[in-house]
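The values are calculated or read from the model by the stated rules, or taken from the named source; none is laboratory data. All values reported here derive from a predicted model rather than from experimental measurement. All Cβ positions, glycine included, derive from the backbone under ideal geometry; neighbour counts span all protein chains shown. Accessible surface areas use protein heavy atoms only, side chains included; no ligands, DNA or RNA. Shrake-Rupley method; radii C 1.70, N 1.55, O 1.52, S 1.80 Å.
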Amino acid sequence: LILNTKNLLHIEDGAFRNLPRLKYLSICNTGIRHFPDLTQISSLEAHFILELCDNLRMTTIPQNAFQGMNNESLTLKLYKNGFEDIHSHAFNGTKLNQLILKDNKNLRRIHNDALRGATGPDVLDISSTALESLPSYGLEAIQILNATSSYSLKRLPPLDKFSSLLEAVLTYPSHCCAFRNLRTEKKNALLSIFDNFSKECESTMRKPPNEIYYRDDSYNTSPWLAGKNTYPFATDEETSPYSYSAIFDDSEMTSFDFEYDFCHPKILTCTPEPDAFNPCEDILGYSFLRVLIWFINILAIAGNFIVLLVLVTSHYKLTVPRFLMCNLSFADFCMGLYLLLIASVDAQTSGQYYNHAIDWQTGSGCSTAGFFTVFASELSVYTLTVITIERWHTITYAMQLDRKLRLRHAVPIMLGGWMFSIVIAVLPLLGVSSYMKVSICLPMDIETGLSQAYILLVLVLNVVAFVVICVCYVKIYIAVQNPELVAAHKDTKVAKRMAILIFTDFTCMAPISFFAISAAFKVPLITVTNSKILLVLFYPVNSCANPFLYAIFTKAFRRDFFLLMSKLGCCKSRAELYRMNYFSAYTSNCKNGNSATAPSKASQALLLFSALEK
């Protein structure tokens, strides 16, 4: 034991030479700067234990560092040191039983060939290290892997590297998805061949152990055989439909035990197990959602971009309704960007999301997607509420031009909406709830009281907005049907269309609000897997439909669109036709006694959706 010697800075080569009876060597809490020479110990003991700990100045493990220590089983306890790097062939020439590297806080790299030339280890402990990856060679013998608190280890090697793994204690639940019910590839092949022999297992369990199987030395490659009968492992491919020779190597079958390996197959255990927020599935979970989300996000992005382009470049005066429509289109465009991010990452990680979950959910990509969706959702709800209030105000005070909502009023109102939406979207980035909780990057973290209050506030505000919209449209219905206002039939028709559009938007959001409020009170009524159906089928549908229902399908938009195209040298005749129709309608309106300064109730109340009139 060489312990607590801070002034010991160096151990000369050959200091440990020819120690055949040495079983245990401990060098802890010293000032040694370089890895000591241990290659000349030449212990003859059946099992040798080396302990190096708390040597904070020792930064590397060189090549062949343990070669020559012992020809039999070796346990290396190399913990709480200053190791930063383990070189190629570091464990060459050893038969490792356990390799303990825990609590090396600065250990960031194990060379891919560090275990080359070594047998084992059976146990590997890399907990509380800064490792970002495991070596690609030498993992086949590992039966127990401990990687707790290894937060930098976000990806695992291919699963076929862990052919002997029986127990894994990891940092992230998503990694256990890779090992769920994992057996080695050849054990699975065995089960698929002998799935009809369950009764044979039952019969073998009733026999005394010495009467079940014995080794038939006349076959160097034979399995455990029941007497001289080759059943159920016939070696003659011509007479047996269950030949194993095409699947197993000879050396592998010599160690196979029918009762133990087939009747009691080993199943890997892994902790921590995936929780309800992160089940073992890809981001979208269902295959049909992968198709739908691309269809919806392309429509949302393309539709809203076209609406924004046409409205912004239109030569007509920017009115309040046009201004509000621009804000709504931008919000829905951001929702399309969120869907595009989710769909793209899902396509890239399909089938192996467990290996990308940590990078995605803790990285900037998920935070960006979460910001987009919350900002877009809140700005869209806010804008729809303002549009409805503006319609109600216009129809109520149609003849009082001094009370008309002007652009100078609408700009600060929408500026307030932008600031509110940005604040709500930024709060999860500052620790109030979190976008990292689930793969779809929604703020579902309600662990703290502040996070729970945040979620409830957002949901309650959305419900209040829905109530305000409903009340406004009730008043609009009453107003346009009042005989004293001499309401035209077309006023009622268009108002009803407007109500259907807005009400449909919030009806689509109703199931999301219902299930979200129940989850916020920690009484979830739906799983995260099923909530992804709501995410794709309900949550973004409005962003996809709004540009078409509010703009693209209207006459006013088609007019502006063809006028824009005429500026680019296309559709000039169609644009001229729309121009003539517009001026013809304006002249007819003037002849009927309706001046521009005293607009009719219909045109004033339904300015935003006048193009819906046939």
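Assorted remarks:
- Residues in the range 315-451 average 40 Å² of solvent-accessible surface per residue, probe 1.4 Å, ligands and nucleic acids excluded.
- Near Arg290: Cβ cut-off under 14 Å, other residues only, Lys/Arg at +1 and Asp/Glu at -1. The net charge is -2.
- Relative to the current alpha-carbon distance between Arg33 and Ser364, full extension at 0.36 nm per residue lengthens the span by 115.3 nm.
- The count of lysine pairs in the range 1-171 that are at least 8 places apart or cross chains, and whose C-alpha atoms lie under 16 Å apart, stands at 8.
- Summed side-chain charge close to Pro173 - residues other than Pro173 whose Cβ falls under 10 Å, Lys, Arg +1, Asp, Glu -1: -2
- Spin-label model, Phe323 to Glu273: label points 7 Å out along the Cα-to-beta-carbon direction sit 5.8 nm apart.
- Across the options Met69, Phe162, Ala130, the greatest Cα extent toward the positive end of the charge dipole of the range 1-171 (unit charges at beta carbon of Lys, Arg, Asp, Glu) belongs to Ala130.
- Probe 1.4 Å, protein heavy atoms only - accessible area per residue of the range 31-111 in square angstrom: 40
- A crude spin-label estimate for the pair Thr59 and Glu140, with each label 7 Å from Cα along the Cβ direction, gives 3.5 nm.
- Solvent exposure ordering (accessible area, 1.4 Å, most first) of Lys437, Lys77: Lys77, Lys437
- FRET efficiency estimate (nearest 0.05) - Cβ-Cβ, His47 to Glu12, R0 22 angstrom: 0.20
- Order of exposure, largest accessible area first, which applies to Ile296, Ile2 with probe 1.4 Å: Ile2, Ile296
- Measuring only protein heavy atoms, the 1.4 Å probe finds Leu134 accessible over about 10 Å².
- FRET efficiency, Arg116 to Met419 (Cβ-Cβ, R0 45 Å, nearest 0.05): 0.15
- Tensor-based shape of the range 1-171 (alpha-carbon gyration tensor, a/c under 1.5 rounded, otherwise prolate or oblate): oblate
- Which of Lys102, Lys95 is most accessible, then next, and so on - probe 1.4 Å: Lys95, Lys102
- Once the Cβ-Cβ distance of Glu72 and Thr448 is raised to the sixth power relative to R0 = 51 Å, the FRET efficiency obtained is 0.40.
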